[in-house]
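Visitor: Below is a structure I'd like to ask you about.
The values are calculated or read from the model by the stated rules, or taken from the named source; none is laboratory data. Just so it is clear, the model here is predicted, and its values are computed rather than measured. Virtual Cβ from ideal backbone geometry, glycine too; neighbours counted across all protein chains shown. What goes into the accessible areas is simple: the full protein's heavy atoms, side chains included, and nothing from ligands, DNA or RNA. Shrake-Rupley method; radii C 1.70, N 1.55, O 1.52, S 1.80 Å.
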Amino acid sequence: MKSDIKVVTNKVGRKNDVSFLLDSFMSLWEQQSTYNPNMPVRGLIYFGELYDSYIEQKKLNIYGSKLVKLPTPQYIVFYNGKAEKESEEELRLSNSFQQIDKSGRFEWTARMININKGKNQELLEQCKPLADYVTFITYIREYQKQGCTINEAVDKSANKCMEEDVLREFLLKHRAEVFRV
């Protein structure tokens, strides 16, 4: 089994999504702070762009009579919004069809994983950067509840995280960018 990771950049230059090839899988991970039931259609569009780039890079002939094998898609949406959501949900493109289609002939899904505090603890224990991100967001929300502005909350949270060695290297390197976002 081949295990090299290759970063795949999509044509529209999205900066907040992470896509990569691992073995025969093409994974796209996206973070959402607001619940969005339209993620399946967005994922379908993103993967169309990713597959287009992949086919072009590999010089594959999709117009020939031979089946072209493509990496298997994996679309993960990490949710950390304030609305209460299940630990995991499968969002379906067919839910947005104007006519209900129960045939199952065409479906695209987004696997939404809730990464808020108290959800998916096992995953967070296995992925320190993701757990650190959740800690950072939790601190921001706590400071806002105490009456801090968003800028004050981000600043205090960044300082607290660096003191606790949470996202320390990232915050030291990208602190200005974090404030802009």
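Visitor: So, of the residues in region 85-107 that are more than 17 Å from Trp29 (Cα to Cα) and of a type in the set (Lys, Arg), which turns out to be most open to solvent (accessible area, probe 1.4 Å)?
Guide: Arg105
Visitor: Give the residue that is least open to solvent (accessible area, probe 1.4 Å), with candidates limited to residues of region 108-132 that are farther than 20 Å from Tyr35 by Cα and in contact (Cβ under 8 Å) with a residue 12 or more places away in the chain.
Guide: Asp132
Visitor: Please specify each residue of region 18-67 satisfying the condition of being open to solvent by 70 Å² or more (accessible area, probe 1.4 Å), in a loop (DSSP other than H, G, I, E, B) and under 20 Å from Thr109 (Cβ atoms).
Guide: The answer is Thr34, Tyr35, Pro37, Asn38.
Visitor: State whether the residues of region 140-157 include one that is among the β-branched types (Val, Ile, Thr) and outside any helix (DSSP H, G or I).
Guide: yes
Visitor: Another question, if that's okay. Where residues in region 133-167 are open to solvent by 90 Å² or more (accessible area, probe 1.4 Å) and either of a type in the set (Lys, Arg) or under 18 Å from the mean Cα position of the chain (by Cα) (or both), which of them is farthest from Glu88 (Cα to Cα)?
Guide: Lys156
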